[in-house]
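The values are calculated or read from the model by the stated rules, or taken from the named source; none is laboratory data. None of the values given here were measured: they were computed from a predicted structure. Cβ: placed from backbone, ideal geometry, glycine included. Neighbour counts: every protein chain shown. Areas reflect the complete protein model, heavy atoms only, side chains present, ligands, DNA and RNA absent. Shrake-Rupley method; radii C 1.70, N 1.55, O 1.52, S 1.80 Å.
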Amino acid sequence: MGSSIYGVSSSHISLFLFFSFLSLSTAALPQNPSGKSSPSGQINSNSVLVALLDSHYTELAELVEKALLLQTLEEAVGKHNITIFAPRNEALERQLDPEFKRFLLEPGNLKSLQSLLMFHIIPKRVGSHQWPDPKTGPVKHNTLCNDHIRLTSQSTGKKTVDSAELVRPDDVIRPDGVIHGIQQLLIPRSVIEDFNRRRNLRSITAVLPEGAPEVDPRTHRLKNPAPIPVGAPPVLPIYDAMAPGPSLAPAPAPGPGGPRHHFDGESQVKDFIQTLLHYGGYNEMADILVNLTSLATEMGRLVSEGYVITVLAPNDEAMAKLTTDQLSEPGAPEQIIYYHIIPEYQTEESMYNAVRRFGKVKYDTLRLPHKVVAQEADGSVKFGHGEGSAYLFDPDIYTDGRISVQGIDGVLFPEEETQTVKKPAAVKVASKPRRGKLLEVGCWMLGSLGGGSGFRWCQ
């Protein structure tokens, strides 16, 4: 037994001190009966967000993490209770349109994914007993994406959230919120409009595979031109539609559009040049296109005829490194810009996916026959080779489905084709043996001095 002090054992004293310290520590902790997160942004373990991530709504929880919404939802829970309408996993796995799901998961559509998910959350607590009465009609509630949803009840007892049926009311209840299970996904009108707009742009730029047309090599025209429907892509390659180079003749002045001009290319080119000026840092590129050359007019004509282009635009810092010798030769500015124009419609995402999948990718340019090489480097797209390379610096400055402008941090030049002249290898030619040459000369001298005796001696 332990020693006693004034009749009380030391073990009793230790227990008393322990419970006294525990009670003081509990009283010193801040009280948070509502279960909300603290102002510092830390989430309570009993929070509805933690319950969502650990619940059977795994597809929704995964989308929340991919949309980078955890911090936004933490701030919302720190201010007020929330109500989450969680679709079933089957609604996100099997019942969702694959094309629409692919659209949501594309990196460029992060805002649409965030709007879609926040459309399922309202910044107040609404339990299943708080649904409106069937006689009062639907009740609107604002969501976290600044849109509203309608809660309705029917006389049969069926409860709905917009067009989705409530299948698991009060599925998860926490002090700072509640989760209701719903039958299907809720899609706001803004996300549907974004999806339809992207789908229309894809249909415009899509080219159906057809047989190669027969082109007369003398005139570069079709031998038997077929009627071309309105809005169809051009049949001839873009190189046949280009104006002659500056060494032959200047580009033609803009004239009235013909029957093939279904697109307003001049307005689109003017729009992307104004975008360059407003974006900042690409004034030199815009000046070359408009003032120093007539390339803006030619690009407008090509777009009007149905062609699509991607412009790799060097920024002002890169253009300032060009020397006078590089710009003084006739046609040099045009040739430099031609090497920065790809006769395809490419975005930052499409080029990055291509270089990630295939390594090095060679894109055709308007400066025949040179191609620009692209490869993946440091998580971005790198064009060119060696010291003359340039990185994709400002992606998707302008994209309208026909013209794509990608900002780069350097001016590209085609690789010089150095023809190595092979010198013939030096062959050692063995001299023929000349046996007895000295003896022959000596005999000739003796013969000339001593008559025939020397000749007989040599024989």
Among (1) open to solvent by less than 50 Å² (accessible area, probe 1.4 Å); (2) modelled with pLDDT of 85 or more; (3) part of a loop (DSSP other than H, G, I, E, B), the one test that residue 104 misses: (3)
Return only the number of the condition from (1) open to solvent by 20 Å² or more (accessible area, probe 1.4 Å); (2) within 28 Å of residue 198 (Cβ to Cβ) that residue 371 does not satisfy. (2)
Test residue 149 against the criterion of being closer than 16 Å to residue 52 by Cα and aliphatic (A, V, I, L, M), and give yes or no. no
Going through 117, 96 one at a time, which residue ends up being hydrophobic (A, V, I, L, M, F, W, C), part of a helix (DSSP H, G or I) and either open to solvent by less than 60 Å² (accessible area, probe 1.4 Å) or modelled with pLDDT of 90 or more (or both)? 117
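Would you please name the residue that is surrounded by the fewest Cβ atoms within 10 Å (Cβ to Cβ), looking only at residues in the stretch 341-362 that are without any contact (Cβ under 8 Å) to a residue 24 or more places away in the chain and outside any loop (DSSP other than H, G, I, E, B)?
Of all residues in the stretch 341-362, those without any contact (Cβ under 8 Å) to a residue 24 or more places away in the chain come to 350, 353-354, 356-362.
Next, only the ones that are outside any loop (DSSP other than H, G, I, E, B) stay: 350, 353-354, 356-358, 361-362.
Working: 350: 12, 353: 12, 354: 18, 356: 13, 357: 9, 358: 12, 361: 18, 362: 12.
Looking at the filtered set, the residue picked out is 357.
Of a type outside the set (Asp, Glu) and either touching a Lys or Arg at 6+ places or on another chain (Cβ under 9 Å) or outside the structural domain of residue 271 (by the TED database) (or both): does that describe residue 371? Walk me through it before giving the result.
Numbers: of a type outside the set (Asp, Glu): yes; either touching a Lys or Arg at 6+ places or on another chain (Cβ under 9 Å) or outside the structural domain of residue 271 (by the TED database) (or both): yes.
Yes: the conditions hold for residue 371.
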(1) closer than 21 Å to residue 393 by Cβ; (2) hydroxyl-bearing (Ser, Thr, Tyr); (3) open to solvent by 20 Å² or more (accessible area, probe 1.4 Å); (4) touching a residue at least 24 places away in the same chain (Cβ under 8 Å): which one isn't true of residue 294, the others all being true? (1)
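Give the residues of the stretch 365-407 that are charged (D, E, K, R) and closer than 17 Å to residue 279 by Cβ, sorted by residue number. Break it down stepwise before answering.
Narrowing the stretch 365-407 to residues charged (D, E, K, R): 367, 371, 376, 378, 382, 387, 394, 396, 400, 402.
Matches in the stretch 365-407: 394, 396, 400.
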Considering the stretch 381-414 alone, what residues qualify as being surrounded by fewer than 19 Cβ atoms within 10 Å (Cβ to Cβ), farther than 18 Å from residue 289 by Cβ, touching a Gly at 6+ places or on another chain (Cβ under 8 Å) and not hydrophobic (A, V, I, L, M, F, W, C)? 388, 389, 391, 396
